[in-house]
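S.K.: The structure follows.
The values are calculated or read from the model by the stated rules, or taken from the named source; none is laboratory data. Since the model is a prediction, treat every value here as computed from it, not as a measurement. Neighbour counts are summed over all protein chains in view; Cβ atoms, including those assigned to glycine, are modelled from backbone coordinates with ideal geometry.
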Amino acid sequence: MAGMAARLTQGSTAPAFTLPDQHGNDVSLADHKGRAVILYFYPAAMTPGCTTEAVDFSAALDELAAAGYTVLGCSPDPVDKLARFTSQSDLSVTLLSDPSLEVHHAYAAFGTKKLYGKEIEGVIRSTFVIDVDDDGRGTVRVAQYNVRATGHVAKLRRELGV
């Protein structure tokens, strides 16, 4: 597909970003110097799969944080919808709003995918583990595309040893 960024792999430079969270506060990758960020992309707030994934990340947040990970979820949803999603599903994970899809495209988390056997353009459910150095630059440690919502967080925790 024309204009789609190449998929990121281990060792890729993580594209920098600043996006509003569900409270309207700007969150940047560089805010997390010296930590590891788990950045996951999901198609839409308040849908069954995305709710499962967000609830699972929220449930694992304390253990992940204790192991040095910050979790950020990212979708095309506007800030007000993310605020409703957080409240309705009792989420503790930070959710970022990317309605322009600029960050989705930078991470190759938007493009052609199969849905019920048909090819469509949309958000590709993806997860990245990014090590952020003391200068605020990120390096991709793990890049996973087309992940399944159910069981993903448990699988990622096993892979990270958390």
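S.K.: Does the range 72-79 contain any residue that is out of contact with any helix residue (DSSP H, G or I) (no Cβ under 6 Å at 6 or more places or on another chain), surrounded by fewer than 18 Cβ atoms within 10 Å (Cβ to Cβ) and among the charged types (D, E, K, R)?
M.R.: No, the range 72-79 contains no residue that is out of contact with any helix residue (DSSP H, G or I) (no Cβ under 6 Å at 6 or more places or on another chain), surrounded by fewer than 18 Cβ atoms within 10 Å (Cβ to Cβ) and among the charged types (D, E, K, R).
S.K.: Please report, ordered by residue number, the helices (runs of 4 or more DSSP H) entirely within the range 65-162 with at least 3 residues that are under 15 Å from ILE38 (Cα atoms) and not hydroxyl-bearing (Ser, Thr, Tyr).
M.R.: Answer list for the range 65-162: 152-160.
S.K.: Taking the conditions exactly as written (modelled with pLDDT under 95, buried (at least 18 other Cβ atoms within 10 Å of the Cβ), part of a helix (DSSP H, G or I) and among the polar types (S, T, N, Q)), does THR51 satisfy them or not?
M.R.: yes
S.K.: Another one. Would you mind stating whether LEU29 is surrounded by 17 or more Cβ atoms within 10 Å (Cβ to Cβ) and under 17 Å from HIS152 (Cβ atoms)?
M.R.: no
S.K.: Return only the number of the condition from (1) surrounded by fewer than 18 Cβ atoms within 10 Å (Cβ to Cβ); (2) in contact with a strand residue (DSSP E or B) (Cβ under 9 Å, 6 or more places away or on another chain) that ARG84 does not satisfy.
M.R.: (2)
S.K.: Would it be correct to say that ALA30 is farther than 16 Å from VAL129 by Cβ and assigned to a loop (DSSP other than H, G, I, E, B)?
M.R.: For ALA30, the condition - farther than 16 Å from VAL129 by Cβ and assigned to a loop (DSSP other than H, G, I, E, B) - is not met.
S.K.: Moving on. Going through LEU8, LEU19 one at a time, which residue ends up being modelled with pLDDT of 95 or more and assigned to a loop (DSSP other than H, G, I, E, B)?
M.R.: One residue alone meets the criteria, LEU8.
S.K.: Right, here's the next one. Only residues in the range 134-154 that are modelled with pLDDT of 95 or more count as the first member; pair them with residues that are loosely packed, with under 13 Cβ neighbours inside 10 Å and among the charged types (D, E, K, R), Cβ under 8 angstrom, at least 6 apart or cross-chain, and list the lot.
M.R.: THR139/ASP133; VAL142/GLU159
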